[in-house]
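Written out below as structure tokens is the structure these notes cover.
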Amino acid sequence: MAQTYDGAVNKGLEGVIACTTEISYIIDANLTYRGYTIEDLAENSSFEEVLYLLWNNKLPNESELNELKKDIADNIGFTDDQLKNLKALPNKNVHPMAWLRTAVSMLALWDDESQDDSPEAINRVSLRLVAKMGGLVAYLERLRQGKEYVAPKPGQSVAWNFLYMLNGGEPDADMVKVMDTCLILHADHELNCSAFASRVTASSLSDVYSAVVSAISALKGPLHGGANEQVMRTLKKIGNVDNAKTWIENALANKEKIMGIGHRVYKNGDPRAKILRGMSELLTKKSGEPQWYEMSRVIEDTVKDAKGLLPNVDFYSATVYYSMGIPLDLYTPIFATSRVAGWLAHIREQYSKNRIYRPRGEWTGKSGLKWSPMTNR
Ligand code: COA
């Protein structure tokens, strides 16, 4: 039952059905993309297959998958002009999500199909965006470190190229698999805040880039995609396993929110968190820092006992990325690298059966006031 506010408004639109959708679905503790469970896809597919599935409502056959991979390879790199202008953006002391939001907005200015609303142009624009997002994140990190751009290698996956363009060396096969699984797990999630933001912008029949920039802006916040970075910051503040229980109990007593915990829809656990928990256990051991996983387990149990709340996708992805040596403030941009697949599916679904979003607000302000001259105020 939806929570009500002032008897009329579902605050945060809790429980409100805002549209029909065929992209992904949450029921109880299960998540499906186009009817396939997230466990099945994480175990057996690749990010490219999931991308095809989200956009085309079916798994690709071999030639369809190869064509998609070729399309991505054709679009993944940047022109010299793009690199020069991206390099000119401030990158010190700026939030990477603010940089990414700006960079994606800039890409629209080089794209002469950005204002073309034909389905064919929208498909090509979507391919460019999904192909380039990881490269943007990687290039930002290279710039911050004063390093050169690393051009992608054709024939490699989105996950492989992201790690390659980030670190400049051929990535380890196990790390590519981990990254690919993370991309699958984050690719879509029904009407979450950023997907909804993208649909609201698309519903005015604004262009795809504008809708994706809206989504990036929504994902940035700590109550949504920004939580993964905050999880690692919390673990660092806690410092060691022995401190974890008391630290969390004190935070809860002070009415603080524990990042990476709780969810609007899942009340019996987030299936993505369960998969990531296993990955976190393995990777923290492999990196020689199992304490991050052990602390996470104590936090999970403490919040569950105190409030009945469970980890969401951001909780264990933090220690997964940390074990891979990825800088903390890139966790949310990596989320965007994957979720752009889902946003683009939502934007296109919105265009296909559009009605502009235009809800009402319940008036709680003053009424009947009369303007008075400046000297009387
Ligand atoms: N830590 C501590 N308490 C939490 C909590 C958390 N992470 N998440 C929810 N709660 C508590 C609230 O304080 C509230 O308690 P109260 O009824 O005693 O006041 C209750 O649970 C309901 O929380 P509410 O914020 O209304 O839930 P929501 O559905 O509006 O928000 C989230 C859902 C995800 C935004 C929320 O759980 C949250 O802020 N989590 C942390 C941020 C995060 O991980 N975001 C990523 C989401 S994938």
Flag for Ala341 being within 28 Å of Ser198 (Cβ to Cβ) and either within 16 Å of the ligand (Cβ to nearest atom) or of a type in the set (Ser, Thr, Tyr) (or both): no
Looking at the stretch 16-33 only, could you name the residues that are out of contact with any helix residue (DSSP H, G or I) (no Cβ under 7 Å at 6 or more places or on another chain), modelled with pLDDT of 95 or more, within 16 Å of Asn268 (Cβ to Cβ) and surrounded by fewer than 18 Cβ atoms within 10 Å (Cβ to Cβ)? Tyr25
Just give me the residues in the stretch 326-377 being of a type in the set (S, T, N, Q) and in a helix (DSSP H, G or I), in sequence order. Thr332, Thr337, Ser338, Gln350, Ser352, Thr375, Asn376
Determine which member of the set Arg128, Arg144 is surrounded by 18 or more Cβ atoms within 10 Å (Cβ to Cβ) and not aliphatic (A, V, I, L, M). Arg128
Which of the residues that make up the stretch 95-123 are of a type in the set (Ser, Thr, Tyr) and either within 30 Å of Glu229 (Cβ to Cβ) or surrounded by 16 or more Cβ atoms within 10 Å (Cβ to Cβ) (or both)? Thr102, Ser105, Ser114
Out of all the residues in the stretch 343-355, is one or more more than 25 Å from Val16 (Cα to Cα) and not β-branched (Val, Ile, Thr)? no
Expected single match for assigned to a helix (DSSP H, G or I), at pLDDT 95 or above and more than 19 Å from Leu344 (Cα to Cα) among Ala73, Ala42 is Ala42
Please go through the stretch 252-275 and pick out each residue that is over 27 Å from Leu13 (Cβ atoms) and buried (at least 19 other Cβ atoms within 10 Å of the Cβ). Ile275
Picking from Thr284, Thr319, which residue would you name as being over 24 Å from His189 (Cβ atoms), within 23 Å of the chain's Cα centre (by Cα) and either buried (at least 22 other Cβ atoms within 10 Å of the Cβ) or within 13 Å of the ligand (Cβ to nearest atom) (or both)? Thr284
Of Lys153, Lys177, the only residue that is outside any helix (DSSP H, G or I), among the basic types (Lys, Arg) and farther than 27 Å from Ser214 by Cβ is Lys153
Qualifying positions in the stretch 44-94 - crowded, with 16+ Cβ neighbours inside 10 Å, farther than 16 Å from Arg124 by Cβ and touching a residue at least 24 places away in the same chain (Cβ under 8 Å): Ser45, Ser46, Phe47, Glu48, Val50, Leu54, Phe78, Gln82, Leu83, Leu86, Asn91
Please state which one of Ile238, Ile275, Ile258, Ile216 is of a type in the set (A, V, I, L, M), closer than 20 Å to Ser317 by Cα and within 14 Å of the ligand (Cβ to nearest atom). Ile258
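The values are calculated or read from the model by the stated rules, or taken from the named source; none is laboratory data. On a predicted model such as this, the values are computed, not experimentally measured, just so you know. Note that we place each Cβ from the backbone using ideal geometry, even for glycine, and neighbour counts take in every protein chain shown.
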